[in-house]
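Below: the structure, in structure tokens.
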Amino acid sequence: MNNFLKGALAASLATVSFTTAALAGDWRGWNIHVEDYPVSHGMEAFVAEVAAKTDGALGGKVFHGGVLGSQPDAIEQVRLGAIDFGVFSLGPMGQVVPEANVVSLPFISKSVPDMYRLMDGEAGAALSAGLEAKGIKVLGFYDAGARSFYNAHKPINTPADVEGMKVRVMNNDLFVGMIESMGGNATPMAFAEVYQSLKTGVVDGAENNPPSYESTNHFEVAQYYSLSQHLIIPECLCMSKRTWDALSPEQQEIVAEAGKNSTDLQRKLWQERELASMQIVKDGGVMVNEIADKAPFQAAMEPVYAQFLTANPDLEGLVDLFKAN
Ligand code: BDP
């Protein structure tokens, strides 16, 4: 690009960020979930608090149900400032920020509380710094529980049960490796397409936490839920750094505080919804099975770890921190 074009582009980008700042009261928030979901209530509480504390100068609208686009696209839009905030799973964020992939390593945390203790401390700070360098300001880590396998055919008790199964995963190569390590066929696919794909047999199964399994009605078309709890992936209440940088220090304080409060609320609602969702799916005829011995699943993940550490040797310390937790 010649210098004249570079100058013109810089000028038009400056106009864009000026416009974003001027329209700060009209923030657009991306959310993949239905309106009645812990993430959705957390986001609504966030904008409501910001609006109340700034007399409506800031805040905006949350667009539920993924209507602003797919999750990978929305992450890019937030980085660019075209969308002001969103709640993203760190799963798909790993494609943008390698540090985020550490929490997407199967079985890296022993339990959900162990994961959040680290996310609220040193490890979360490291991930937030990585995201900030990519244009994303973290305002809190929302709870997303643990993900388990579900499918239309049979209970899963051992990795061999996954052999030959077509399993939908979120968009991240790590999850493809995870399924392939058990001999299954991984299909990365947008969240919105999973219901139909399960129904028509395009995939045999998928994996998710109880609230997502329930709220999407996947449980109606994949009635075996096997509690592998292989992934404990936090979600991030994320603001575009462009939107954040346009705020005054006082406004930033209000927004940060509202982010923290909405995180506390979301985590409380999450606990309640997990229990309610398990009840709904059981009442809906789902066969839930505990997995007595998870060690064979953990052993099957060794190549996933080896490959990840070969590609990201600098992240070994962070991986060890989570593992030792
Ligand atoms: C849900 C997450 C959402 C993901 C979805 C998925 O909250 O961000 O998009 O899983 O599986 O639990 O795609």
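Among the residues that make up region 147-157, is at least one of them among the hydrophobic types (A, V, I, L, M, F, W, C), at pLDDT 95 or above, closer than 30 Å to ARG79 by Cα and open to solvent by less than 30 Å² (accessible area, probe 1.4 Å)?
No; the residues of region 147-157 include none that is among the hydrophobic types (A, V, I, L, M, F, W, C), at pLDDT 95 or above, closer than 30 Å to ARG79 by Cα and open to solvent by less than 30 Å² (accessible area, probe 1.4 Å).
Does any residue of region 239-247 turn out to be within 22 Å of VAL34 (Cβ to Cβ) and assigned by TED's automatic domain parsing to the domain that holds GLN71?
no
Take the residues of region 83-138 that are within 16 Å of the ligand (Cβ to nearest atom) and open to solvent by 20 Å² or more (accessible area, probe 1.4 Å): which is farthest from ILE179 (Cα to Cα)?
So, considering only residues that are within 16 Å of the ligand (Cβ to nearest atom) and open to solvent by 20 Å² or more (accessible area, probe 1.4 Å), the one farthest from ILE179 (Cα to Cα) is VAL138.
Mind checking which residues of region 37-46 are out of contact with any Lys or Arg (no Cβ under 6 Å at 6 or more places or on another chain), open to solvent by less than 10 Å² (accessible area, probe 1.4 Å) and not in a loop (DSSP other than H, G, I, E, B)?
Passing the criteria: VAL39, SER40, GLY42, MET43, PHE46.
Pull out all pairs, ordered by first then second residue, where Cβ-Cβ is under 8 Å, the residues are six or more apart or on different chains, the first lies in region 107-123 and is in the same structural domain as LYS294 (by TED's automatic domain parsing), and the second is open to solvent by 40 Å² or more (accessible area, probe 1.4 Å) and not in a helix (DSSP H, G or I).
none
Which members of region 158-171 meet the condition of being within 14 Å of the ligand (Cβ to nearest atom), at pLDDT 95 or above and more than 22 Å from ALA292 (Cβ to Cβ)?
Answer for region 158-171, where residues must be within 14 Å of the ligand (Cβ to nearest atom), at pLDDT 95 or above and more than 22 Å from ALA292 (Cβ to Cβ): ARG168, VAL169, MET170.
Looking at region 194-220, I want the residues that are in the same structural domain as ILE32 (by TED's automatic domain parsing) and have a partner that is not acidic (Asp, Glu) with Cβ atoms under 6 Å, at least 6 apart or on another chain. Which pairs are those?
none
How do the helices (runs of 4 or more DSSP H) wholly within region 175-294 filter down when requiring 1 or more residues that are open to solvent by 50 Å² or more (accessible area, probe 1.4 Å) and touching a helix residue (DSSP H, G or I) at 6+ places or on another chain (Cβ under 7 Å): which remain?
Counting at least 1 such residues, we get 194-199, 241-245, 249-283.
Give the residue that is nearest to the ligand (Cβ to nearest atom), with candidates limited to residues of region 52-75 that are free of Cβ contacts under 8 Å to residues at least 12 places away in the same chain and in a helix (DSSP H, G or I).
By that ranking, first place goes to ASP73.
Please tell me if ALA190 is farther than 25 Å from SER111 by Cβ and near the ligand (Cβ under 10 Å from one of its atoms).
yes
The values are calculated or read from the model by the stated rules, or taken from the named source; none is laboratory data. Treat the numbers as computed from the prediction; the structure is a model and nothing was measured. Cβ atoms come from the backbone with ideal geometry, glycine included; neighbour counts cover every protein chain shown. Surface areas here come from the heavy atoms of the whole protein model, side chains and all, with no ligands, DNA or RNA. Shrake-Rupley method; radii C 1.70, N 1.55, O 1.52, S 1.80 Å.
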